[in-house]
Structures are given as C-alpha cells and as structure tokens.
1. Of all residues being surrounded by fewer than 21 Cβ atoms within 10 Å (Cβ to Cβ) and within 14 Å of the chain's Cα centre (by Cα) in the range 21-32, which is nearest to residue 126 (Cα to Cα)? Just the residue, please.
2. Just name the residue that is farthest from residue 87 (Cα to Cα) out of those in the range 29-64 that are part of a loop (DSSP other than H, G, I, E, B) and out of contact with any helix residue (DSSP H, G or I) (no Cβ under 8 Å at 6 or more places or on another chain).
3. Taking the residues in the range 112-135 that are under 16 Å from residue 18 (Cβ atoms) and modelled with pLDDT under 80 as candidates, determine which candidate is surrounded by the most Cβ atoms within 10 Å (Cβ to Cβ).
4. With the requirement that a residue be touching a helix residue (DSSP H, G or I) at 6+ places or on another chain (Cβ under 9 Å) and either surrounded by fewer than 11 Cβ atoms within 10 Å (Cβ to Cβ) or part of a loop (DSSP other than H, G, I, E, B) (or both), what does the range 80-95 give you?
C-alpha cells in the first residue's frame, strides 16, 4: 500500500512552474504524509527557485510547525523540516483551502492509481496522466 503526495509551485501570477507527484510506502498517518510532501517540496525549491512561501490545506501541519513540542509523535519528521528551514532566509507557511489547491490534490489522487512506485517531477502534467477537467 502507498501514501500519495502532490505539490505545485506557482509564480506570483498564478502560473504553474513546477509540480511533483509521488507515491511512497504507506506512512504511519496522513499527517506523516503531509510532512513528507512538505519536506520534498522544500528540498526541491531549494534546488530550483528562491521560493520562501509554502501553502497547505492541512491546518494540523501548520500547527505542527508552529508548536513542534506539542506533537512528540512527529519529532523526527519535524526535526528534518526544521533543518531544511534553516536553509531559507524567510520561510513562511500558510493555509490554502482545498478548493484553491485542487491541482496538488489531483496529483496526489492520481498517484494513488499506480499500483507500483511512481515519482514525477516536472513543469507540466505529463500526457500519460489523467487530467481532471476542473484543474
């Protein structure tokens, strides 16, 4: 079984610049998957852009980053995120409603359809991937 993650980087005009989708071995919880998606996006942005702001539709993820000591079960994952954050001069994370985050959500759901490991990173949705009409 797999956990699915997806993320999208858009520029200030709302144009998609990079995106990623992946399925990984099932994580302990959905929150573990959220942390993994953020970690992967942060590491990628360090290599490909000067992006400092990250959005998520997971309010618990924001709470975890704000008060990591209140989430001892996630200490290892939060420490990895903290280490990556040190590479950013002005890291910010904010809430984005799922209705405004449909492409990232769609990418994660698409990764679920693969019954083997998949990892895709690129500038556009590949032709072999189903593209929902509302995205």
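1. That would be 24.
2. Checked the range 29-64; the qualifying residue farthest from residue 87 (Cα to Cα) is 29.
3. First pass over the range 112-135, keeping only residues under 16 Å from residue 18 (Cβ atoms): 119-126, 129, 135.
Going one step further and asking which of them are modelled with pLDDT under 80, we end up with 125-126, 129, 135.
Numbers: 125: 20, 126: 11, 129: 16, 135: 13.
Looking at residues that are under 16 Å from residue 18 (Cβ atoms) and modelled with pLDDT under 80, I get 125.
4. Passing the criteria: 87, 88, 91, 94.
The values are calculated or read from the model by the stated rules, or taken from the named source; none is laboratory data. Keep in mind that this is a model prediction, so the values were computed, not measured. As a convention, Cβ positions derive from the backbone with ideal geometry for all residues, glycine included, and neighbour counts pool all protein chains shown.
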